[in-house]
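Okay, structure first, notes after.
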Amino acid sequence: MYFNLEEFRTVEAAAERIFPKDELGPGAKELDVAYFIDHQLASPWGNSTREYMQGPFYPGEATQGYQGRQTNAQIFMLGLKGLQTYSTSSHNDNFENLTEEQQDNILIDFEDLEGKNKVKLSGISSAQFFAMLQSLTIEGVYSDPMYGGNSDMEGWKMKNFPGHQMSYMDVIEEKNFVEKDPHSLSSMHKH
């Protein structure tokens, strides 16, 4: 695992607040989104292997995105550390131990939609971290289960998404809409 246990629990709690369990289906925790994020940070994406990472580094315009030397994983970990620091300084406890309302308020401060810049992080903005956390959470909910999230394809089932079907030959000529059970990429390789 990329995360230690405390980091994993923090990510799990934060992702659950972004995509909570409700009457429509499971939340990020049940869908193993924290495992997906862990795997992403340890992957070539986390190491920014497809990004241009050579200097010089100048402050970019807001439309240009991040312009620096840190990898995606380093950016995420700076934000995660900032999330814990902000939680303990404002509520004297770790993020995962706070009430849902307190967690939501902290995430709202990190999202910084009003541009108040309440949360100061070193090297990145809190909004940058929140955007990454939010994006990874949604990706983990709806990704193929072989990447660590979307446990039992429950994210797909909520959307009636069939996943990766080998063929639609058996239903292509049907007049009515046909629902198919979802299949993941890994289900295509049964031996």
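The values are calculated or read from the model by the stated rules, or taken from the named source; none is laboratory data. On a predicted model such as this, the values are computed, not experimentally measured, just so you know. Note that we place each Cβ from the backbone using ideal geometry, even for glycine, and neighbour counts take in every protein chain shown. These area figures cover heavy atoms from the full protein model, side chains too; ligands, DNA and RNA do not enter into them. Shrake-Rupley method; radii C 1.70, N 1.55, O 1.52, S 1.80 Å.
Selection of the range 174-191 for residues being open to solvent by 100 Å² or more (accessible area, probe 1.4 Å), at pLDDT 80 or above and not polar (S, T, N, Q) yields GLU174, LYS175, PHE177, GLU179, ASP181.
Report, by residue number, each residue of the range 1-23 that is without any contact (Cβ under 8 Å) to a residue 24 or more places away in the chain and within 16 Å of GLN40 (Cα to Cα). Passing the criteria: only ASN4. If you filter the range 82-101 down to residues that are in a helix (DSSP H, G or I) and over 16 Å from GLU12 (Cβ atoms), you find that the one that is most open to solvent (accessible area, probe 1.4 Å) is GLU101.
Among the residues of the range 22-32, the ones that are at pLDDT 95 or above and not hydrophobic (A, V, I, L, M, F, W, C) come to 5 in all.
Please work out which residue is most open to solvent (accessible area, probe 1.4 Å), limiting yourself to the range 116-162 and to residues that are in a helix (DSSP H, G or I) and among the acidic types (Asp, Glu). The extreme case among them is ASP152.
Each row is one residue, and each column tells you yes or no for (1) closer than 29 Å to ALA73 by Cβ; (2) not charged (D, E, K, R).
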| site | (1), (2) |
| --- | --- |
| ILE138 | yes, yes |
| MET153 | yes, yes |
| LYS157 | no, no |
| VAL171 | no, yes |
| VAL178 | no, yes |
| SER184 | yes, yes |
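On the stretch given as the range 6-60, residues that are over 25 Å from GLY155 (Cα atoms) and surrounded by fewer than 15 Cβ atoms within 10 Å (Cβ to Cβ) total 13. Kindly evaluate ASP104 against the criterion of being open to solvent by less than 40 Å² (accessible area, probe 1.4 Å), in contact (Cβ under 8 Å) with a residue 12 or more places away in the chain, of a type in the set (D, E, K, R) and in contact with a helix residue (DSSP H, G or I) (Cβ under 9 Å, 6 or more places away or on another chain). Criteria not met by ASP104.
Consider the range 163-173. How many of its residues are open to solvent by 100 Å² or more (accessible area, probe 1.4 Å) and of a type in the set (Gly, Ala, Ser)? Here the count works out to 0.
In the range 133-147, the condition of being of a type in the set (Gly, Ala, Ser), in contact with a Gly (Cβ under 8 Å, 6 or more places away or on another chain) and either at pLDDT below 90 or farther than 30 Å from TYR52 by Cβ (or both) is met by no residue.
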